[in-house]
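What follows is one structure encoded as structure tokens, with my remarks underneath.
The values are calculated or read from the model by the stated rules, or taken from the named source; none is laboratory data. Remember, it's a predicted structure, so these values are computed and weren't measured experimentally. Counting neighbours? That spans all protein chains shown, and the Cβs are built from the backbone with ideal geometry, glycine included.
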Amino acid sequence: MIIALAGRRVDAAGAKPARFPLQNVDLVRTRVRAMLEAQGAKVLVCSAACGADLLALSEAGSLDLRRRIVLPFDRKRFRDTSVMDRPGDWGAEYDRILDDVQAKGDLVMTETTADLEEYSAANLAILDEAASLAKQLHYPTCAALVWDGVSRGAHDITEQFGIEARKRGLAVIEVKTL
């Protein structure tokens, strides 16, 4: 199974309402690993933001799964804007995982114009990469949403990922962050 995954980042300090509190990292890590195992995952395709993405990438690595990472722009800018801007010690894990994935030729970078468009484009690219790998490897594909299950409104990138995955006919698995 190829898993195309998107999800919540760890909440900013003092975030209300809580969507992925830092204290839930171990719980979510356990849930993500259980999902990967239950689905018989062979490949994980996702981005690399702090929270759902890095937890999934870490667990996929420990299960010796192939990992393909899609970033909306260069590594450094992504690290600054989507990894180090939230509580927790995510930097070293981000660097280690990206070094490993890049060395294997599985790091993809998209380029668009505005921030919101960049993240939406990366989500579409995650689904496209999963579909491409499915054709090459002859594996089925599903999507995973690692989130609280509540929309943040019209600009909820995680929700948009799930909607697009369903439009493409993919089964969508939800892993809760709360």
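General observations
- Close pairs (7 angstrom Cβ cut-off, 6 or more residues apart or separate chains): surrounded by 16 or more Cβ atoms within 10 Å (Cβ to Cβ) and aromatic (Phe, Trp, Tyr) in segment 20-36, at pLDDT 95 or above and not in a helix (DSSP H, G or I) anywhere: Phe20/Arg8; Phe20/Arg9; Phe20/Val10; Phe20/Asp11; Phe20/Gly51; Phe20/Asp148; Phe20/Thr177
- Filtered by the rule that a residue be among the hydroxyl-bearing types (Ser, Thr, Tyr) and either in a loop (DSSP other than H, G, I, E, B) or over 21 Å from Val32 (Cβ atoms) (or both), segment 122-177 gives Ser132, Tyr139, Ser151, Thr177.
- Residues located in segment 65-74, provided they are part of a loop (DSSP other than H, G, I, E, B) and either among the hydrophobic types (A, V, I, L, M, F, W, C) or surrounded by 13 or more Cβ atoms within 10 Å (Cβ to Cβ) (or both): Leu65, Pro72, Phe73
- Number of the condition not met by Asp95 [criteria: (1) modelled with pLDDT of 95 or more; (2) of a type in the set (D, E, K, R); (3) crowded, with 16+ Cβ neighbours inside 10 Å; (4) assigned to a helix (DSSP H, G or I)]: (3)
- Yes/no for Leu27 being in contact with a helix residue (DSSP H, G or I) (Cβ under 9 Å, 6 or more places away or on another chain), of a type outside the set (Ser, Thr, Tyr) and farther than 21 Å from Ala134 by Cβ: no
- Pairing each residue of segment 138-154 that is at pLDDT 95 or above with any residue that is exposed (fewer than 14 other Cβ atoms within 10 Å of the Cβ) and among the hydrophobic types (A, V, I, L, M, F, W, C), provided the two are 6+ apart or on different chains, yields C-beta distances under 6 Å for Cys142/Ala171.
- Members of segment 75-92 that are under 21 Å from Glu59 (Cα atoms) and assigned to a loop (DSSP other than H, G, I, E, B): Val83, Met84, Arg86, Pro87, Gly88, Asp89, Trp90
- Options Gly40, Gly51; residue that is under 19 Å from Val175 (Cβ atoms), buried (at least 17 other Cβ atoms within 10 Å of the Cβ), out of contact with any Cys (no Cβ under 7 Å at 6 or more places or on another chain) and not β-branched (Val, Ile, Thr): Gly51
- The set of residues in segment 1-38 being assigned to a loop (DSSP other than H, G, I, E, B), over 22 Å from Ala125 (Cα atoms) and not hydrophobic (A, V, I, L, M, F, W, C) consists of Asp11, Gly14, Lys16, Pro17, Arg19, Pro21.
- If only residues of segment 107-129 that are out of contact with any helix residue (DSSP H, G or I) (no Cβ under 9 Å at 6 or more places or on another chain) and farther than 17 Å from Asp156 by Cβ are counted, the one that is modelled with the lowest pLDDT is Thr113.
- Residue in segment 101-109 that is in contact with a Gly (Cβ under 8 Å, 6 or more places away or on another chain) and in a loop (DSSP other than H, G, I, E, B) present: no
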